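What follows is a set of notes on a single structure, which appears directly below.
The values are calculated or read from the model by the stated rules, or taken from the named source; none is laboratory data. Bear in mind that the values here come from a model prediction, so they are computed numbers and not experimental data. Every residue, glycine among them, receives a Cβ derived from its backbone with ideal geometry; neighbour counts consider all protein chains shown. Just so you know, the surface numbers come from the protein's heavy atoms only, side chains and all, with ligands and any DNA or RNA stripped out. Shrake-Rupley method; radii C 1.70, N 1.55, O 1.52, S 1.80 Å.
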Amino acid sequence: MATAVSTPNIAFIKYWGNRNQELRLPAADSLSMTLDSPTVEVSIEPADTFSVHSEKELSANEIERFKKHLELTNIYLKKLNFKLQTSNFKLTIHSHIPPAIGLASSAAVFSAVAKTYTELLKESGIELTDEQTSVIARLGSGSAARSVMGGFVALRCHGECAIDSAFAVQVADENHWPLHDIVVCPSLKEKKHGSTEGHHLAHTSPHFNTRLKNMLRRQQECIDAILQRDFEKLQRVAEEDAQDLHKVAETSNPPLQYLNSETHRILHEIIALRTQKHLAVLYTMDAGPTVHLICTEDAVESVKDFAYTQKECTMFETKVGSGAKTRIPAKF
Ligand code: DP6
(Lines give C-alpha, C1' and ligand atoms only; values in the text may rest on other atoms or scores of the structure.)
Protein backbone atom coordinates (compact mmCIF):
# COMPACT_ATOMS: atom_id res chain seq x y z
CA MET A 1 0.00 0.00 0.00
CA ALA A 2 1.21 3.55 -0.74
CA THR A 3 -0.15 6.94 0.34
CA ALA A 4 0.62 10.39 -1.03
CA VAL A 5 -0.53 13.91 -0.23
CA SER A 6 -0.70 16.73 -2.75
CA THR A 7 -2.13 20.20 -3.37
CA PRO A 8 -3.44 22.33 -6.26
CA ASN A 9 -1.36 24.90 -8.12
CA ILE A 10 -2.23 28.28 -9.62
CA ALA A 11 -0.97 29.05 -13.12
CA PHE A 12 0.58 32.41 -14.09
CA ILE A 13 0.98 31.21 -17.68
CA LYS A 14 -1.96 28.97 -18.37
CA TYR A 15 -2.31 25.65 -20.10
CA TRP A 16 -5.18 25.91 -22.59
CA GLY A 17 -5.57 23.58 -25.57
CA ASN A 18 -3.86 20.31 -26.44
CA ARG A 19 -1.72 18.95 -29.24
CA ASN A 20 -3.05 15.52 -28.36
CA GLN A 21 -6.25 15.24 -26.30
CA GLU A 22 -5.92 11.63 -25.20
CA LEU A 23 -2.33 12.06 -23.98
CA ARG A 24 -3.04 15.52 -22.58
CA LEU A 25 -0.10 16.94 -24.50
CA PRO A 26 -0.44 20.71 -24.12
CA ALA A 27 -0.28 23.01 -27.14
CA ALA A 28 2.20 25.26 -25.27
CA ASP A 29 4.30 25.53 -22.11
CA SER A 30 2.74 26.79 -18.87
CA LEU A 31 3.98 27.91 -15.46
CA SER A 32 2.48 27.85 -11.99
CA MET A 33 3.02 28.20 -8.28
CA THR A 34 2.32 25.07 -6.25
CA LEU A 35 0.12 25.87 -3.24
CA ASP A 36 0.59 24.58 0.32
CA SER A 37 -3.11 23.88 0.89
CA PRO A 38 -5.79 22.51 0.72
CA THR A 39 -4.58 18.93 0.59
CA VAL A 40 -5.75 15.74 -1.06
CA GLU A 41 -4.61 12.35 0.23
CA VAL A 42 -4.61 9.29 -2.03
CA SER A 43 -3.95 5.70 -0.95
CA ILE A 44 -3.48 2.83 -3.32
CA GLU A 45 -3.40 -0.91 -2.78
CA PRO A 46 -3.30 -3.89 -5.10
CA ALA A 47 -6.77 -5.45 -5.62
CA ASP A 48 -8.60 -7.98 -7.81
CA THR A 49 -10.63 -5.34 -9.61
CA PHE A 50 -10.03 -1.63 -10.24
CA SER A 51 -12.06 0.65 -7.95
CA VAL A 52 -11.99 4.25 -6.73
CA HIS A 53 -13.39 5.33 -3.36
CA SER A 54 -13.98 8.87 -2.17
CA GLU A 55 -16.27 10.80 0.24
CA LYS A 56 -17.81 12.45 -2.83
CA GLU A 57 -19.79 10.07 -5.04
CA LEU A 58 -17.92 9.67 -8.32
CA SER A 59 -19.72 9.52 -11.66
CA ALA A 60 -19.08 6.67 -14.12
CA ASN A 61 -17.10 9.15 -16.26
CA GLU A 62 -14.88 10.11 -13.36
CA ILE A 63 -14.13 6.45 -12.53
CA GLU A 64 -13.41 5.85 -16.22
CA ARG A 65 -10.88 8.71 -16.12
CA PHE A 66 -8.90 6.96 -13.34
CA LYS A 67 -9.03 3.65 -15.27
CA LYS A 68 -7.85 5.34 -18.45
CA HIS A 69 -5.10 7.01 -16.44
CA LEU A 70 -3.83 3.62 -15.22
CA GLU A 71 -3.94 2.31 -18.80
CA LEU A 72 -1.82 5.26 -20.04
CA THR A 73 0.52 4.96 -17.05
CA ASN A 74 1.18 1.32 -18.01
CA ILE A 75 1.92 2.36 -21.61
CA TYR A 76 4.39 4.98 -20.38
CA LEU A 77 6.05 2.57 -17.92
CA LYS A 78 6.42 0.01 -20.70
CA LYS A 79 8.30 2.62 -22.72
CA LEU A 80 10.67 2.97 -19.74
CA ASN A 81 10.94 -0.84 -19.49
CA PHE A 82 9.23 -0.80 -16.09
CA LYS A 83 6.07 -2.50 -14.87
CA LEU A 84 3.70 -2.19 -11.92
CA GLN A 85 3.48 -5.46 -9.96
CA THR A 86 -0.33 -5.72 -10.21
CA SER A 87 -2.80 -4.74 -12.91
CA ASN A 88 -5.65 -3.65 -10.62
CA PHE A 89 -5.83 -1.31 -7.65
CA LYS A 90 -8.15 0.10 -5.05
CA LEU A 91 -7.69 3.89 -4.95
CA THR A 92 -8.96 5.80 -1.92
CA ILE A 93 -9.20 9.59 -2.11
CA HIS A 94 -9.64 11.95 0.88
CA SER A 95 -10.01 15.50 -0.33
CA HIS A 96 -9.78 18.50 1.99
CA ILE A 97 -10.51 20.89 -0.87
CA PRO A 98 -13.70 22.74 0.05
CA PRO A 99 -16.24 22.39 -2.77
CA ALA A 100 -16.63 25.32 -5.15
CA ILE A 101 -13.70 27.47 -4.02
CA GLY A 102 -12.28 27.48 -7.51
CA LEU A 103 -9.19 25.42 -6.72
CA ALA A 104 -8.90 22.67 -9.28
CA SER A 105 -8.85 19.41 -7.36
CA SER A 106 -7.84 17.31 -10.39
CA ALA A 107 -4.27 18.70 -10.22
CA ALA A 108 -3.97 17.71 -6.56
CA VAL A 109 -5.63 14.32 -7.08
CA PHE A 110 -3.65 13.16 -10.13
CA SER A 111 -0.30 14.39 -8.77
CA ALA A 112 -1.01 12.36 -5.62
CA VAL A 113 -2.08 9.32 -7.68
CA ALA A 114 1.12 9.57 -9.74
CA LYS A 115 3.16 9.73 -6.56
CA THR A 116 1.47 6.57 -5.20
CA TYR A 117 2.26 4.65 -8.41
CA THR A 118 5.85 5.89 -8.13
CA GLU A 119 5.98 4.69 -4.52
CA LEU A 120 4.67 1.23 -5.51
CA LEU A 121 7.43 1.00 -8.13
CA LYS A 122 9.99 2.00 -5.48
CA GLU A 123 8.88 -0.97 -3.38
CA SER A 124 9.98 -3.19 -6.28
CA GLY A 125 13.30 -1.38 -6.61
CA ILE A 126 12.41 1.06 -9.42
CA GLU A 127 13.14 4.76 -8.81
CA LEU A 128 11.34 7.27 -11.02
CA THR A 129 12.56 10.87 -11.20
CA ASP A 130 10.18 13.74 -10.39
CA GLU A 131 10.14 14.53 -14.10
CA GLN A 132 8.94 10.97 -14.88
CA THR A 133 6.36 11.17 -12.07
CA SER A 134 5.13 14.43 -13.61
CA VAL A 135 4.51 12.64 -16.93
CA ILE A 136 2.30 10.11 -15.08
CA ALA A 137 0.43 12.96 -13.34
CA ARG A 138 -0.08 14.76 -16.67
CA LEU A 139 -1.73 11.68 -18.17
CA GLY A 140 -4.58 12.16 -15.64
CA SER A 141 -4.81 15.96 -15.70
CA GLY A 142 -2.47 18.28 -17.60
CA SER A 143 -1.95 20.76 -14.79
CA ALA A 144 -1.33 17.93 -12.27
CA ALA A 145 2.19 17.53 -13.72
CA ARG A 146 3.11 20.85 -12.08
CA SER A 147 1.87 19.88 -8.57
CA VAL A 148 4.38 17.01 -8.42
CA MET A 149 7.01 19.64 -7.58
CA GLY A 150 7.03 22.52 -5.13
CA GLY A 151 7.58 26.23 -5.63
CA PHE A 152 7.45 27.60 -9.17
CA VAL A 153 7.06 24.95 -11.85
CA ALA A 154 7.01 24.97 -15.64
CA LEU A 155 5.23 22.37 -17.76
CA ARG A 156 7.55 22.08 -20.72
CA CYS A 157 6.54 20.64 -24.10
CA HIS A 158 8.64 19.21 -26.90
CA GLY A 159 7.48 19.53 -30.47
CA GLU A 160 6.84 15.79 -30.73
CA CYS A 161 3.68 13.87 -29.89
CA ALA A 162 5.15 11.07 -27.78
CA ILE A 163 3.64 10.12 -24.43
CA ASP A 164 6.54 11.79 -22.58
CA SER A 165 6.75 14.91 -24.78
CA ALA A 166 5.62 17.18 -21.92
CA PHE A 167 6.89 17.16 -18.33
CA ALA A 168 7.34 19.44 -15.35
CA VAL A 169 10.54 21.27 -14.45
CA GLN A 170 11.08 23.22 -11.23
CA VAL A 171 12.02 26.86 -11.93
CA ALA A 172 12.59 27.77 -8.25
CA ASP A 173 11.72 26.01 -5.00
CA GLU A 174 9.17 27.10 -2.39
CA ASN A 175 11.76 29.06 -0.36
CA HIS A 176 12.65 31.29 -3.29
CA TRP A 177 9.75 33.78 -2.98
CA PRO A 178 7.06 33.59 -0.27
CA LEU A 179 4.03 34.55 -2.36
CA HIS A 180 0.45 34.13 -1.12
CA ASP A 181 -2.75 33.28 -2.98
CA ILE A 182 -5.91 34.80 -1.48
CA VAL A 183 -8.76 33.08 -3.29
CA VAL A 184 -12.07 34.92 -3.65
CA CYS A 185 -14.90 32.83 -5.01
CA PRO A 186 -18.07 34.70 -5.92
CA SER A 187 -20.16 31.70 -6.93
CA LEU A 188 -20.85 28.41 -5.22
CA LYS A 189 -22.42 26.87 -8.32
CA GLU A 190 -20.59 24.00 -10.04
CA LYS A 191 -19.21 25.25 -13.35
CA LYS A 192 -21.01 24.10 -16.50
CA HIS A 193 -17.93 23.46 -18.62
CA GLY A 194 -14.78 21.98 -17.16
CA SER A 195 -11.26 22.70 -18.41
CA THR A 196 -11.15 19.40 -20.31
CA GLU A 197 -13.96 20.75 -22.53
CA GLY A 198 -12.16 24.08 -22.84
CA HIS A 199 -8.98 22.37 -24.06
CA HIS A 200 -11.05 20.58 -26.75
CA LEU A 201 -12.58 23.83 -28.00
CA ALA A 202 -9.53 26.12 -27.75
CA HIS A 203 -8.52 25.69 -31.41
CA THR A 204 -11.97 26.89 -32.58
CA SER A 205 -11.22 30.42 -31.35
CA PRO A 206 -9.85 32.85 -33.99
CA HIS A 207 -7.48 34.11 -31.26
CA PHE A 208 -5.92 30.73 -30.46
CA ASN A 209 -3.04 30.94 -32.95
CA THR A 210 -2.11 34.43 -31.78
CA ARG A 211 -2.19 33.10 -28.21
CA LEU A 212 0.22 30.31 -29.14
CA LYS A 213 2.57 32.78 -30.86
CA ASN A 214 2.71 34.90 -27.69
CA MET A 215 3.17 32.01 -25.28
CA LEU A 216 6.89 31.54 -25.83
CA ARG A 217 7.63 35.17 -24.96
CA ARG A 218 5.26 35.16 -21.98
CA GLN A 219 6.68 31.93 -20.55
CA GLN A 220 10.22 33.36 -20.67
CA GLU A 221 9.11 36.71 -19.17
CA CYS A 222 7.40 34.84 -16.36
CA ILE A 223 10.47 32.70 -15.63
CA ASP A 224 12.63 35.85 -15.58
CA ALA A 225 10.18 37.65 -13.28
CA ILE A 226 10.22 34.75 -10.84
CA LEU A 227 13.99 34.33 -10.87
CA GLN A 228 14.46 38.10 -10.37
CA ARG A 229 11.58 38.27 -7.82
CA ASP A 230 10.24 41.14 -9.93
CA PHE A 231 6.60 41.42 -8.89
CA GLU A 232 5.66 44.16 -11.37
CA LYS A 233 6.94 42.08 -14.25
CA LEU A 234 5.11 39.00 -12.93
CA GLN A 235 1.92 41.02 -12.57
CA ARG A 236 2.07 42.33 -16.13
CA VAL A 237 2.69 38.96 -17.76
CA ALA A 238 0.33 36.89 -15.57
CA GLU A 239 -2.59 39.31 -16.01
CA GLU A 240 -1.94 39.51 -19.77
CA ASP A 241 -2.04 35.72 -19.97
CA ALA A 242 -5.19 35.33 -17.83
CA GLN A 243 -7.03 37.94 -19.94
CA ASP A 244 -5.84 36.22 -23.09
CA LEU A 245 -7.04 32.78 -21.98
CA HIS A 246 -10.52 34.15 -21.32
CA LYS A 247 -10.53 35.95 -24.68
CA VAL A 248 -9.85 32.57 -26.34
CA ALA A 249 -12.50 30.78 -24.21
CA GLU A 250 -15.12 33.47 -24.86
CA THR A 251 -14.55 33.34 -28.63
CA SER A 252 -14.50 29.53 -28.91
CA ASN A 253 -17.27 27.79 -30.77
CA PRO A 254 -19.43 27.39 -28.68
CA PRO A 255 -18.20 30.23 -26.46
CA LEU A 256 -17.21 29.46 -22.87
CA GLN A 257 -18.02 32.23 -20.43
CA TYR A 258 -16.21 31.49 -17.18
CA LEU A 259 -16.11 35.01 -15.73
CA ASN A 260 -19.23 36.76 -14.42
CA SER A 261 -20.16 40.30 -13.37
CA GLU A 262 -18.94 39.63 -9.82
CA THR A 263 -15.52 38.58 -11.15
CA HIS A 264 -15.27 41.87 -13.08
CA ARG A 265 -16.41 43.89 -10.06
CA ILE A 266 -13.72 42.25 -7.86
CA LEU A 267 -11.08 42.95 -10.53
CA HIS A 268 -12.04 46.65 -10.75
CA GLU A 269 -11.95 47.01 -6.98
CA ILE A 270 -8.58 45.28 -6.52
CA ILE A 271 -7.01 47.34 -9.31
CA ALA A 272 -8.28 50.54 -7.63
CA LEU A 273 -6.97 49.38 -4.24
CA ARG A 274 -3.54 48.44 -5.54
CA THR A 275 -3.16 51.81 -7.28
CA GLN A 276 -4.26 53.66 -4.16
CA LYS A 277 -2.12 51.66 -1.70
CA HIS A 278 0.75 50.61 -4.03
CA LEU A 279 0.10 46.96 -3.25
CA ALA A 280 2.09 44.11 -4.78
CA VAL A 281 -0.95 42.07 -5.79
CA LEU A 282 -1.94 40.49 -9.11
CA TYR A 283 -5.11 38.78 -10.24
CA THR A 284 -5.64 35.62 -12.24
CA MET A 285 -8.65 33.42 -13.05
CA ASP A 286 -8.82 29.80 -14.20
CA ALA A 287 -11.85 28.12 -15.79
CA GLY A 288 -14.36 29.69 -13.40
CA PRO A 289 -15.40 33.02 -11.85
CA THR A 290 -12.99 32.70 -8.89
CA VAL A 291 -10.36 35.41 -8.56
CA HIS A 292 -6.91 34.42 -7.28
CA LEU A 293 -5.13 37.37 -5.67
CA ILE A 294 -1.43 36.58 -5.65
CA CYS A 295 0.56 38.88 -3.41
CA THR A 296 3.79 39.40 -1.48
CA GLU A 297 4.20 39.13 2.31
CA ASP A 298 4.06 42.95 2.52
CA ALA A 299 0.69 43.11 0.80
CA VAL A 300 -1.02 40.03 2.24
CA GLU A 301 -2.77 41.67 5.23
CA SER A 302 -4.35 44.40 3.05
CA VAL A 303 -5.37 41.82 0.45
CA LYS A 304 -6.99 39.63 3.14
CA ASP A 305 -8.86 42.66 4.53
CA PHE A 306 -10.12 43.34 1.01
CA ALA A 307 -11.16 39.70 0.51
CA TYR A 308 -13.06 39.55 3.83
CA THR A 309 -15.17 42.55 2.85
CA GLN A 310 -16.42 40.79 -0.32
CA LYS A 311 -20.09 40.04 0.37
CA GLU A 312 -21.44 36.56 -0.41
CA CYS A 313 -18.00 35.35 -1.50
CA THR A 314 -16.18 32.30 -0.21
CA MET A 315 -12.59 33.08 0.66
CA PHE A 316 -9.57 30.82 1.05
CA GLU A 317 -6.01 31.64 2.14
CA THR A 318 -3.06 29.70 0.78
CA LYS A 319 0.56 30.25 -0.20
CA VAL A 320 3.47 28.71 -2.10
CA GLY A 321 4.01 25.07 -1.13
CA SER A 322 6.31 22.10 -1.56
CA GLY A 323 4.38 19.75 -3.89
CA ALA A 324 3.30 16.10 -3.76
CA LYS A 325 4.81 13.96 -0.99
CA THR A 326 4.66 10.31 -0.11
CA ARG A 327 3.22 9.69 3.33
CA ILE A 328 5.15 7.04 5.24
CA PRO A 329 2.71 5.05 7.41
CA ALA A 330 3.33 5.46 11.15
CA LYS A 331 5.03 2.42 12.71
CA PHE A 332 3.48 0.92 15.86
C1 DP6 B 1 -7.34 27.08 -16.73
O2 DP6 B 1 -5.30 20.51 -16.05
O3 DP6 B 1 -7.63 21.10 -15.33
O4 DP6 B 1 -6.55 25.84 -14.87
O5 DP6 B 1 -6.07 18.00 -18.25
O6 DP6 B 1 -8.48 18.36 -18.66
O7 DP6 B 1 -7.64 18.06 -16.30
P8 DP6 B 1 -7.35 18.57 -17.71
O9 DP6 B 1 -7.20 20.13 -17.61
P10 DP6 B 1 -6.62 21.00 -16.43
O11 DP6 B 1 -6.50 22.43 -17.14
C12 DP6 B 1 -6.06 23.54 -16.42
C13 DP6 B 1 -6.61 24.78 -17.03
C14 DP6 B 1 -6.35 26.03 -16.24
C15 DP6 B 1 -4.96 26.59 -16.52
C16 DP6 B 1 -3.80 25.92 -15.83
O17 DP6 B 1 -3.91 25.45 -14.68
O18 DP6 B 1 -2.72 25.91 -16.45
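Structural remarks
- Straight-distance crosslink candidates among lysines, where the alpha carbon sits under 22 Å from Lys304 and sequence neighbours closer than 8 are dropped: Lys277, Lys319
- Peptides 207-215, 162-170 ordered by packing proxy, namely the average of other Cβ atoms within 10 Å per residue, highest first: 162-170, 207-215.
- In a simple Cβ point-charge model (Lys, Arg +1; Asp, Glu -1; nothing else charged), the chain has a dipole of about 540 debye relative to its Cα centre.
- The mean accessible area for residues of the stretch 2-174, using a 1.4 Å probe and ignoring ligands and nucleic acids, is 38 Å² per residue.
- Straight-distance crosslink candidates among lysines, where the alpha carbon sits under 21 Å from Lys192 and sequence neighbours closer than 8 are dropped: Lys14, Lys56, Lys247
- Spin-label model, His278/Met1: points 7 Å from Cα along the beta carbon direction are separated by 5.6 nm.
- Fraction of accessible area attributable to carbon and sulfur, the stretch 180-319 (%, probe 1.4 Å): 51
- In the context of the full set of protein chains, residues of the stretch 180-319 present 50 Å² of accessible surface per residue (probe radius 1.4 Å, heavy atoms only).
- Calculated FRET value between Glu71 and Asp230, using beta carbons and R₀ = 41 Å, to 0.05: 0.40
- Carbon plus sulfur fraction of accessible area for the stretch 2-174, probe 1.4 Å, in percent: 48
- Label-point separation in nm, His94 to Phe82, each point 7 Å along Cα→Cβ: 2.6
- Principal axis extents of the Cα atoms in the stretch 131-198, from largest to smallest and rounded to whole angstrom, are 39, 34, 18.
- Under 20 Å from Lys213, Cα to Cα: aspartates and glutamates that are on another chain or at least 8 residues apart: Asp29, Glu160, Glu221, Asp224, Glu239, Glu240, Asp241, Asp244, Glu250
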